[in-house]
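Have a look at the structure below before the remarks.
Every number here is computed from the coordinates shown, using simple stated rules; none is lab data. Computed from a predicted model, the values in this text were never measured in an experiment. All Cβ positions, even for glycine, are placed from backbone atoms using ideal geometry, and neighbour counts span all protein chains on display.
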């Protein structure tokens, strides 16, 4: 598995939000424990191992041979306050390639999770719920396509 990448705007520990279309802000007193890409990579490895379908999952800087390469990129991770019920938006691009770098499957996963209140903490809770759903979808995708 290659390192999880992130769009530059989300490659930070700062938590992004929007209150107007085409405008992004960051909370000044709240942030992620680590960059979201790093946290998501750890969770993805755990999710894939829990399927018991893979004999090994190697992460960078692994340099040996492999059967499949998984690329994951965070396209969006933002608390959206432009709608009546605040939402957490999570969009990921997943790509599975074989050992000859041929793409087996490439898919975008986009989720919008309602936030129970308009606060940074509620957004983090919604992000956890969205991430769990996305990881479940990724694991299913890999189980279908990695044979």
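May I ask you to compute the full-extension gain from residue 137 to residue 100, defined as 0.36 nm times their residue separation minus their alpha-carbon distance, rounded to one decimal in nm? Walk me through the numbers on the way to the answer.
Details: separation 37, 0.36 × 37 = 13.32 nm, distance 2.47 nm.
Length gained between residue 137 and residue 100: 10.8 nm.
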Item to check | Chain lengthening between residue 52 and residue 83 when straightened (0.36 nm per residue, less Cα-Cα) | outcome: 7.2 nm
Checklist entry - How much space per residue, in cubic angstrom, does the convex hull of the C-alpha atoms of the chain take up? => result 113
Item to check | Alpha-carbon centroids, region 5-21 and region 90-147: separation in whole Å | outcome: 17
Checklist entry - At what distance in nm do the modelled label points of residue 9 and residue 29 sit from each other, each positioned 7 Å from its Cα along Cα→Cβ? => result 2.6
Item to check | Crossing angle, helix 36-50 versus the chain [Cα axis fit, 0-90 degrees, rounded to tens] | outcome: 50
Next on the checklist: Can you give me the angle between helix 120-145 and the longest principal axis of the chain, using Cα atoms only, in degrees from 0 to 90, rounded to the nearest 10?
Outcome noted: 20
Item to check | Separation in nanometres of the label points that stand 7 Å from Cα toward Cβ, at residue 146 and residue 2 | outcome: 1.5
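Which whole-number percent is the relative contact order of the chain (Cα, under 8 Å, 6+ apart)? It would help to have the intermediate numbers written out before the result.
Numbers: 255 pairs, mean separation 33.4, N = 147.
This gives 23 percent for the chain.
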